[in-house]
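Reviewing the structure listed below.
Since every read-out is calculated from the coordinates, none of them should be taken as a lab result. Since we're looking at a predicted model, the values are computed, not measured. Note that we place each Cβ from the backbone using ideal geometry, even for glycine, and neighbour counts take in every protein chain shown.
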2 protein chains.
Amino acid sequence: MVERREILDNPGSDRIRKVAGLSRRSARLRSGLTRVEGPQAVTELLHCAPQGAVTDLYVTEAGAATRPELLEFAQSTVSAGGLHIHTVSPQVEKALSDAAQGWIAVARFEAFPSVTGSPEGSLALILPATQDPGNVGTLIRLADACGASTVFMGQDCADATSPKVIRASVGSVFHVPTPRFQDLAAVVKALRSEGWTIVGTSLSGDVMLTPVTAGTWSNKKVAWVMGNEAHGLDATEESWCDVLVSIPMFGRAESLNVTSAATLCLWMSAVAQRM
Amino acid sequence: MVERREILDNPGSDRIRKVAGLSRRSARLRSGLTRVEGPQAVTELLHCAPQGAVTDLYVTEAGAATRPELLEFAQSTVSAGGLHIHTVSPQVEKALSDAAQGWIAVARFEAFPSVTGSPEGSLALILPATQDPGNVGTLIRLADACGASTVFMGQDCADATSPKVIRASVGSVFHVPTPRFQDLAAVVKALRSEGWTIVGTSLSGDVMLTPVTAGTWSNKKVAWVMGNEAHGLDATEESWCDVLVSIPMFGRAESLNVTSAATLCLWMSAVAQRM
C-alpha cells in the first residue's frame, strides 16, 4: 500500500523502460514476464492467475477512479503475496501502452493456464500460422466464447504472451491454454488417435457449412484448423483434415477473413454440440 | 502509356504528397477523391467503377511483375478514358501506403455505388457508430459476403471513403452502397414502413440466435443494427429494433467483438433466407 502514495512519473526510469521493453519477444523470453493492458484483461488476469504470478500493477489516478472495485480487488490480493501496486502519471502510462485505459500489469508466464495430457471437452482450435497479433487475440477470445478447451499454436503464430495478443483476447488468454508446438503434425496425429475429428476450411471444401452439416458433429470431438490470413491452409495442413468445409457466401466478396470464418465454424459446431 | 516509361521516384513531389494527403478526411471531401490500396481492392475498383471514375494508378515494378494480368486490364481501360498509369519507386509507394503490395489507385467518389430509393433484397446492415476503420471495412466485406444490399452508416462511423476502410473491405465498398445519414432514426422508420424487420443484438436480448430462430426470418426482409465496438447499442438504438437477439456463448469470454457478432447474425439470416 505504501507504494500508492508516491506517483511514478518518470517514463525514462529503468523500471518503466523494462516494462515497456516487454513488447519485444526476446525480452519476454529472457525475463519470463509479460505486460497486460486494459482494465478487462487485468481483471481476468487477477482473477485467474495463480498466487504470486502477478508482480506489479501500474494504475493512473484516472484509471483508479474509473474502476474503484478493481483497485479494491487488487489491493485485497496484495497481502496474499507478491503484488506491488504503483500509481503512475499519464506520461508513464503512455510510455507503456497506447490503449491501457489506465491499467497495466506485469505478470509471470505462470499466469497463463497450462495444459497437461490430452485436451478436455469437445471443441479445440489449431492455428498453424496466424501472424497478426490482433487476429490471434481475437481467435483466442472466440475460442473462449465458444467453450473450446485449447488453442494449439504453431511456431509461425504471433506469440500468445505478446501484449497485443493479450489485449485483443480481452483476457481470454488467461482462460484457455494456448500451447505452442514445433511439430503441429504430431499434435494432430495424437488428437486423431484420441478420437478427435480434424476439420479445416477451404474455398473448394467438399462439405458446405450449414446447420445440417454442423449437426453431424453434435456428438463428436471437433478440432478446427484455421489457416494463415493471406494464404489459408497449405497442402500439408489440408492433409491433416478429416473434412474440408466450405462456407456458403451469397454476394460478390470472394472470401471471409480468418476471424469471420473461424467465428462461423467454431460457433456452429458449439451450438450443434451443446444446444 | 507514355507515363509508364518514366519512374516517379520523388516521395516529396507535389503529386505524391497530394495522394498521401488523402488519408485526411478533409482532403478527401475537398477534392472528391480517395486512395485505394492493394491489388485486390484495385481490381474491384477497376471492374466496378463507372468510366472515368479512376483517375490514376501508381504501380511499382515489383507490383506489376506480380500481377501482370491486372496491369493489362488497367491498360485496356486507359483508352476508355481518363486513367493515367504511373510507375513508381518503392520509396514513393512507401510514402503513400504501408500495405499496398505495389498497387495504389486514386478514384473519384463516383467510384462508390450509390443507392436510390429503397434497398433491394432481403438483408441490410445498419451501423450507427462503428468507429474503427478496420472494423467498418471488415463489416462491409462481411455484408457483401452475405449478400446484403446496403450498409447504412451514421455520422459517428469511420468514413467509408477512408483508405483504411477501403483496404479492410478488400474492395467490397465498390460492390455494396454505404450511404451515410445524419438521421438514422428516419432511415429505420422508412425501412420499417417498407416491411423490413429491424433486429439488434444485446447481451440481454430476449430471443436467442440459433438455427431455429434464424429460420423464422427466412421469408422476411431483415436489417441488422450493430452497435459501437465499446458500448454496443445504446437505449435509442435498441428502441429502433423489433427484436433484440442474444448470441449463445459457452465459455468464459463475456462477449464477442462486433465483427464476430455481426458475422453470426448476418450469415445465419442469409443462410435461412437462401438455403
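What's the magnitude of the charge dipole for segment B:14-111 around its Cα centre, counting Lys and Arg as +1 and Asp and Glu as -1 at the beta-carbon? Answer in Debye, nearest 20.
Dipole about the Cα centre, nearest 20: 580 debye.
For peptide B:171-177, compute the average count of partner chain beta-carbon atoms within 10 Å of each residue's beta-carbon.
2
Just want to confirm a number: the relative contact order over segment A:14-111, from Cα pairs under 8 angstrom separated by 6+ residues, in percent.
45
Label-point separation (nm) for residue A:10 and residue A:274, each offset 7 Å from Cα along Cα-to-Cβ?
Between residue A:10 and residue A:274, the label points sit 5.0 nm apart.
Counting only the backbone N, which residues of segment B:16-59 are under 15 Å from the spot 7 Å out from the Cα of residue B:84 toward its beta-carbon?
B:16-20, B:53-59
Under the classification rounded if a/c is under 1.5, otherwise prolate if a/b is larger than b/c and oblate if not, where does segment B:14-111 fall, given a ≥ b ≥ c as square roots of the Cα gyration tensor eigenvalues?
Oblate.
Given an 8 Å cut-off on Cα distances and at least 6 residues of separation, report the relative contact order of chain A as a percent.
19
Where both partners of a DSSP beta bridge lie in chain A, what percent of those bridges are antiparallel, to the nearest 5?
Of the beta bridges lying entirely in chain A, close to 30 percent run antiparallel.
Taking segment A:65-139, which GluC sites (Glu not before Pro) meet the DSSP loop condition and have no more than 14 other C-beta atoms within 10 Å?
Listed in order of number, the matching sites are A:120.
On a full-extension model of 0.36 nm per residue, what is the gain between residue A:155 and residue A:76, subtracting their alpha-carbon distance, rounded to one decimal in nm?
Gain on stretching residue A:155 to residue A:76: 24.6 nm.
On alpha carbon coordinates alone, what is the Rg over Rh value for chain A, Rh being the Kirkwood radius?
For chain A, the value is 1.03.
Taking the dipole about the Cα centre of segment B:154-237, with the C-beta of Lys and Arg at +1 and of Asp and Glu at -1, give me whichever of B:170, B:184, B:210 is farthest to the positive side.
B:170
What does the protein assembly as shown give for Rg and for Dmax, in Å, if only its C-alpha atoms count?
Final numbers for Rg and Dmax: 24.6, 77 Å.
Return the percentage of antiparallel bridges among DSSP beta bridges fully within the protein assembly as shown, rounded to the nearest 5 %.
For the protein assembly as shown, the DSSP antiparallel bridge percentage is about 30.
Under a point-charge model restricted to the Cβ atoms of Lys and Arg (+1) and Asp and Glu (-1), what is the dipole moment magnitude of the protein assembly as shown relative to its Cα centre, in debye to the nearest 20?
For the protein assembly as shown, the charge dipole is close to 360 debye.
Taking 0.36 nm per intervening residue step and subtracting the Cα-Cα distance, what contour gain separates residue B:18 from residue B:219 on full extension?
67.5 nm is the gain from fully extending residue B:18 to residue B:219.
Is it possible to state the helix-based mean residue ellipticity at 222 nm for chain B, with each DSSP H run of 4+ residues giving -39500 (n - 2.57), the sum divided by total residues, to the nearest 500 deg cm²/dmol? What is it?
Roughly -10500 deg cm²/dmol at 222 nm, from the helical runs in chain B.
Of the DSSP beta bridges with both residues in segment B:14-111, give the percent that are antiparallel, rounding to the nearest 5.
If we restrict to bridges inside segment B:14-111, about 65 percent are antiparallel.
Give me log10 I(q)/I(0) at q = 0.14, 0.31 Å⁻¹ for segment A:214-265, Debye formula, one equal scatterer per alpha-carbon, no solvent.
After summing over all Cα pairs, the log10 values are -0.42, -1.40.
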